[in-house]
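The values are calculated or read from the model by the stated rules, or taken from the named source; none is laboratory data. Only a predicted model underlies this, so the values are computations on that prediction, with no experimental measurement involved. Neighbour counts run over all protein chains shown; Cβ positions are idealised from the backbone, glycine included. For the accessible areas, the whole protein counts, side chains as well, though only heavy atoms, and no ligand, DNA or RNA atoms are used. Shrake-Rupley method; radii C 1.70, N 1.55, O 1.52, S 1.80 Å.
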Amino acid sequence: MQLSFFDRKNNITFKVRCFEFLFLLFIFSSCEKIIKLKVQNQPSKLVVDASIENNNFPRVALSGSLNYFSSITHEELSNSFVHDAVLTVSDGSNKAQLKEYSFTDTNGYTLYYYTVDESNPASAIIGQFNKQYQLYIKTKDGEEYTATTTIPLLSKKCDSLWWKPAPNADDTTLCVMFGRFTDPPGLGNYIRYYTRINSERFLPGINSVFDDQVIDGKTYSLQFDMGWDKNSPDKPNADNGYGYAYRGDTVTLKYCNIDKATYTFWNTWEFAWASYGNPFSSPVKVIGNISNVALGAFSGYAVQYKTIIIPK
């Protein structure tokens with residue numbers, strides 16, 4: 001039996017489509033490949049979490065970095081602290097050697113930090129506005145590290161705080177916070193903010209640092225989220241109350257002027273934290289200000305506090 005022209009055409013079309021399907025199947029199948037990555041453990045680096053605020057002593061925590069696939073246990077964290085280091089802080093005129101202290105938090109974790117020697121208050125250095133500070137570290141294995149930060153002038157300020165009931169919320173006790181802020185003329189003013197509810201500790205916002213590229217020289221009103229504990233295993237969302245205060249709360253805003261290096265560190269650090277676990281995020285390098293390839297930063301803060309009591 002002979003096929004008509006249309007039958008032959010349909011038969012050829014069917015064979016072509018079958019070939020295209022098999023070709024694509026072959027291509028995608030051939031793209032499948034099991035890749036085994038051998039991740040090498042990297043030498044531990046010094047991690048520095050250092051800060052100085054106006055009217056406060058410098059405070060420094062030293063630890064060793066952990067490998068990416070390390071198991072994070074109480075013992076592992078405790079063993080990561082760096083002890084018996086020699087630390088000094090200078091303001092250009094005076095120099096103070098810091099002493100190591102420890103305290104145990106409410107969860108039973110013992111934490112270690114360095115600050116001024118309480119037995120020698122005459123040699124203490126206290127943070128002042130518009131002053132630069134140098135940090136020097138020498139670990140017991142002989143490695144040396146330096147960093148510099150500035151407590152700027154308190155030039156960018158919060159003028160007032162207020163609250164509003166949270167919109168579209170079934171819980172009528174939820175409140176959103178607002179502030180009115182003034183940025184001085186001239187680019188280069190950076191801030192970091194924290195919030196505290198009642199007598200709890202201060203926590204930074206999810207995005208806690210800002211520059212003045214858009215609001216230079218302006219007075220403006222802005223809603224801000226309440227701070228979040230970035231060590232919490234929970235992800236911040238509306239279901240667990242992220243961003244809100246509650247009726248009856250006393251809310252304190254800690255509004256800090258910072259230098260550019262402090263801004264850059266926390267801006268890159270928070271971007272890296274927000275990208276953690278996202279396979280589609282771009283890699284980011286956290287940019288600190290500690291020498292000798294150490295991790296972390298020495299941050300200076302010019303601090304202003306504003307408090308508001310939300311009625312029940």
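Values for this structure:
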| read-out | value |
| --- | --- |
| In nm, spacing of pseudo-spin labels at ASP49 and VAL86 (7 Å Cα→C-beta vector) | 2.7 |
| Computed lengthening from ALA238 to TRP162, 0.36 nm per intervening residue step minus Cα-Cα distance | 25.3 nm |
| Computed E for SER199/ASN41 - FRET, C-beta separation, R0 45 angstrom, nearest 0.05 | 0.60 |
| Net charge of Cβ neighbours under 14 Å - reference SER291; Lys, Arg +1; Asp, Glu -1 | 0 |
| Neighbourhood net charge (15 Å Cβ-Cβ; Lys/Arg +1, Asp/Glu -1) for SER63 | -4 |
| The range 201-275: equivalent-ellipsoid semi-axes (sqrt of 5 x gyration tensor eigenvalues, Cα, Å) | 23, 18, 11 |
| Nearest-20 debye value, the range 68-195 charge dipole, Cβ charges on Lys, Arg, Asp, Glu | 700 |
| DSSP-loop trypsin sites (Lys or Arg not before Pro) across the range 134-202, with at most 14 other Cβ within 10 angstrom | LYS140, ARG201 |
| For GLY64, distant residues with modelled amide H under 5 Å away | VAL47, PHE81, VAL82 |
| Heavy-atom accessible surface of the range 164-282: percent carbon and sulfur, 1.4 Å | 51 |
| In Å², nearest 10: area of PHE202 left accessible to a 1.4 Å probe | 50 |
| With DNA, RNA and ligands ignored, accessible area of TYR255 (1.4 Å probe; Å², nearest 10) | 10 |
| Solvent-accessible area per residue, Å², over the range 138-267 with all protein chains present [probe radius 1.4 Å] | 51 |
| Net lengthening on full extension, THR104/LYS140 (0.36 nm per residue, minus Cα-Cα) | 10.5 nm |
| Backbone N under 20 Å from the LYS312 label point (7 Å along Cα→Cβ), restricted to the range 200-242 | 200 |
